[in-house]
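Coordinate-derived values only; no laboratory data. None of these values were measured; they are calculated from a predicted model. Ideal geometry is used to build each Cβ from the backbone, glycine not excepted, and the neighbour counts take in all protein chains shown.
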């Protein structure tokens, strides 16, 4: 999976206490705990269910 070609989704807690799911454009990297420009905080970054190409390569070298 090429992170520069796919958008990223995250769960955000807004300053008023509400939570929402927000999409970020390709090339943007965020982590849990990041504070966004509008004061919202990233509370979860779900990972895709599909296997990453890099993970398949690592499995080849696992003993």
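Evaluated at 37 °C with a viscosity of 0.692 mPa s, what Stokes-Einstein diffusion coefficient in µm²/s does segment 4-48 have when Rh comes from the Kirkwood expression over alpha-carbon pairs?
Numbers: Rh = 10.7 Å.
It diffuses with D of about 308 µm²/s by this estimate.
What list do you get for 47, 6 if you sort them by fewest beta carbons within 10 Å? The partial results should precede the final answer.
Working: 47 7, 6 12.
Neighbour counts put them in this order, fewest first: 47, 6.
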